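Everything below concerns the one structure shown next.
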């Protein structure tokens with residue numbers, strides 16, 4: 001009914017790289033993989049916001065991109081997705 005926890009779960013994916021283009025490309029690749037897995041798993045109530053540059057795009061000379069995945073149960077997706085270089089925050093306190 002509501003779009004926020006505890007009714008829907010959020011997962012924030014954040015990627016950092018010293019090269020802006022590499023950061024953006026990695027974000028776009030993960031988005032494609034997430035879309036594919038969401039479809040394969042039949043997670044029709046799940047959506048993705050982004051990818052987009054983080055609010056504070058450059059931190060410690062690294063460019064950050066992020067995206068938010070929202071849905072009622074994200075555990076099936078988290079079990080199969082391979083994103084070793086990404087910071088993954090489940091139900092983040094802040095989405096900035």
Selection from segment 33-46 of residues that are farther than 12 Å from residue 83 by Cβ and assigned to a helix (DSSP H, G or I): 35, 36, 38, 39, 40
Among residues of segment 47-76, those that are surrounded by fewer than 17 Cβ atoms within 10 Å (Cβ to Cβ), touching a residue at least 40 places away in the same chain (Cβ under 8 Å) and part of a strand (DSSP E or B), counted: 4
Residue match in segment 7-21 (condition: modelled with pLDDT under 95, in contact with a strand residue (DSSP E or B) (Cβ under 7 Å, 6 or more places away or on another chain) and part of a loop (DSSP other than H, G, I, E, B)): yes
Residue list for segment 22-45, filter: within 22 Å of residue 5 (Cα to Cα) and either at pLDDT below 95 or over 14 Å from the mean Cα position of the chain (by Cα) (or both): 41, 42, 43, 44, 45
Test for residue 84: is it over 11 Å from the mean Cα position of the chain (by Cα) and either closer than 18 Å to residue 7 by Cβ or not in a loop (DSSP other than H, G, I, E, B) (or both): no
Members of segment 77-86 found to be exposed (fewer than 13 other Cβ atoms within 10 Å of the Cβ) and either over 18 Å from residue 35 (Cβ atoms) or in contact with a strand residue (DSSP E or B) (Cβ under 7 Å, 6 or more places away or on another chain) (or both), listed by number: 84, 85
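The values are calculated or read from the model by the stated rules, or taken from the named source; none is laboratory data. All values derive from a computational prediction rather than experimental measurement. Glycine also receives a Cβ, built like all others from the backbone with ideal geometry; neighbour counts cover every protein chain displayed.
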